[in-house]
Amino acid sequence: MKILSRLVSALLCVVALLTLLNACGVIAVGAVAGGASVLADRRTAAAQATDIGIQLEASAQLSNKFGNDAHINVSSFNQQVLLTGEVKTAAIKAQADADVKQIKNVRAVFDELIVGPNSSYTARANDAYLTSKIKAEMIFTNNLPSNSMDIVTEGTNVYMLGILTAAEAASAKKIASSTNGVKAVYTFFDLISEADKERIDTANKNASAGSTKPAPQ
């Protein structure tokens, strides 16, 4: 058992490193492309902070309440919360959904929890690897703002949140669906018009340009 545990731990470390390298790749490609919109998150800074707060509060609350009776992942993007993972009973699933809906600033909850035993560390490592493969593919896809979405893989099912146009959403779903090893793809996007896209991306570009100007002496 100790040997197996060490092997699983090593695998998780490798997956974490791959994910980190993919993140570095996003920065590098964005720098070469020179387009601020490639890296920009379409959420405001305040919205990003709110999402972090929601995730921290919900994760702590659910972990303290259910302990080992559940393995719940909480993802929040633009105040829409996705719950994935496993719970031992339908009652826990319903309670988790209700509890998160009561958290301040939550707009909607997408409850994708499965009633069943907690997933193995090996399965979680495979899910993390699939997520890293999808993100890596998106790096090299033109006109797809990968930083304006969140990708979660659970049980080889892929879930995506984000702020995208209809065309961008279709492209993102196609990439995830065509990734080897993915069982199904579920999207929960906030869809925006092309006009809104231009307005948001221009505002982000201007904000980025302003932040890089040297301070007056």
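Condition first: among the acidic types (Asp, Glu), over 20 Å from residue 79 (Cα atoms) and out of contact with any helix residue (DSSP H, G or I) (no Cβ under 8 Å at 6 or more places or on another chain). Can you find one or more residues in the stretch 154-161 that meet it? Before the answer, list the steps.
Going residue by residue through the stretch 154-161, those that are among the acidic types (Asp, Glu) are 154.
Now restrict to residues that are over 20 Å from residue 79 (Cα atoms): 154.
Add one more test, that the residue is out of contact with any helix residue (DSSP H, G or I) (no Cβ under 8 Å at 6 or more places or on another chain), and what stays is none.
No, the stretch 154-161 has no match at all.
Of 94, 60, 47, which residue is at pLDDT 50 or above, assigned to a helix (DSSP H, G or I) and loosely packed, with under 12 Cβ neighbours inside 10 Å? Can you show your working first?
Details: 94 fails: loosely packed, with under 12 Cβ neighbours inside 10 Å; 47 fails: loosely packed, with under 12 Cβ neighbours inside 10 Å.
Only one candidate qualifies: 60.
Taken over the stretch 192-211, the criterion of being of a type outside the set (S, T, N, Q) and under 24 Å from residue 140 (Cβ atoms) is satisfied by 192, 194, 197, 198, 200, 201, 205.
Show me the strands (runs of 3 or more DSSP E) found entirely inside the stretch 108-217 where at least 1 residues are aliphatic (A, V, I, L, M) and surrounded by fewer than 18 Cβ atoms within 10 Å (Cβ to Cβ).
Numbers: elements: 108-115, 149-154, 157-164, 184-191.
Here the list reads 108-115, 184-191.
The values are calculated or read from the model by the stated rules, or taken from the named source; none is laboratory data. It should be emphasised that the depicted structure is a prediction, and the values quoted were computed from it without experimental measurement. We place every Cβ from the backbone using ideal geometry, glycine too, and count neighbours over all the protein chains shown.
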